[in-house]
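For reference, the structure is listed below as structure tokens.
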Amino acid sequence: MSGKEQMNGKIAGVRSSSRVHCLREITVTYEGQNEHTVVKAPDLSASGMFINTMRAFPEGAVLNLRFRLAVTNALVQTRGEVRHCLPGVGVGVEFVGLAPEARRAIERELAVNNETGGSVEKRAGRVRNHGRKRGTR
């Protein structure tokens, strides 16, 4: 198997857990620096995320992460260690020291996403509207 087919001991394209795009906002700072990194909606799992960003980070770099889940609106603050970097595309990070309640919130978000087929906008609207039908208040 070539290096392109294998990444961190896993076959490319095969993930150990389900992932979804289900964040409302995310803030990323390189630990030890105070500048924020501009990122696009990441690919989230219970153990980490892939963050789309043009900025390259070295493997092993620690990032401070703060994000809000789209459906449950839970705020998660944790650290993530860069496990791989695709220059010009983004970085894969593994959560470090994720609080148990934050992990449960992410797992709930993933479960809701998987149950409803992945339409975050529709689910978020249902949560905000508390299940009300259209045209009612």
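Selection over region 65-82 of residues that are touching a residue at least 24 places away in the same chain (Cβ under 8 Å), surrounded by fewer than 16 Cβ atoms within 10 Å (Cβ to Cβ) and in contact with a strand residue (DSSP E or B) (Cβ under 6 Å, 6 or more places away or on another chain) gives a count of 4. From the list Phe50, Phe57, the lone residue that is surrounded by 14 or more Cβ atoms within 10 Å (Cβ to Cβ), part of a strand (DSSP E or B) and at pLDDT 55 or above is Phe50. The residues of region 80-137 that are assigned to a loop (DSSP other than H, G, I, E, B) and either of a type in the set (Lys, Arg) or at pLDDT 95 or above (or both), listed by number, are Leu98, Ala99, Arg132, Lys133, Arg134, Arg137.
Among the residues of region 22-44, the ones that are buried (at least 20 other Cβ atoms within 10 Å of the Cβ) and either on the phi > 0 side of the Ramachandran plot or not in a strand (DSSP E or B) (or both) come to 2 in all.
Name the residues in region 55-89 that are under 19 Å from Glu35 (Cα atoms) and of a type in the set (Lys, Arg), would you? Arg55, Arg66, Arg79, listed by residue number.
For region 40-71, the set of residues classified as aromatic (Phe, Trp, Tyr) and closer than 16 Å to Val89 by Cα consists of Phe50, Phe57, listed by residue number.
The values are calculated or read from the model by the stated rules, or taken from the named source; none is laboratory data. Bear in mind that the values here come from a model prediction, so they are computed numbers and not experimental data. Heads up, the Cβs are rebuilt from the backbone with ideal geometry, glycines too, and the neighbour counts pull from every protein chain shown.
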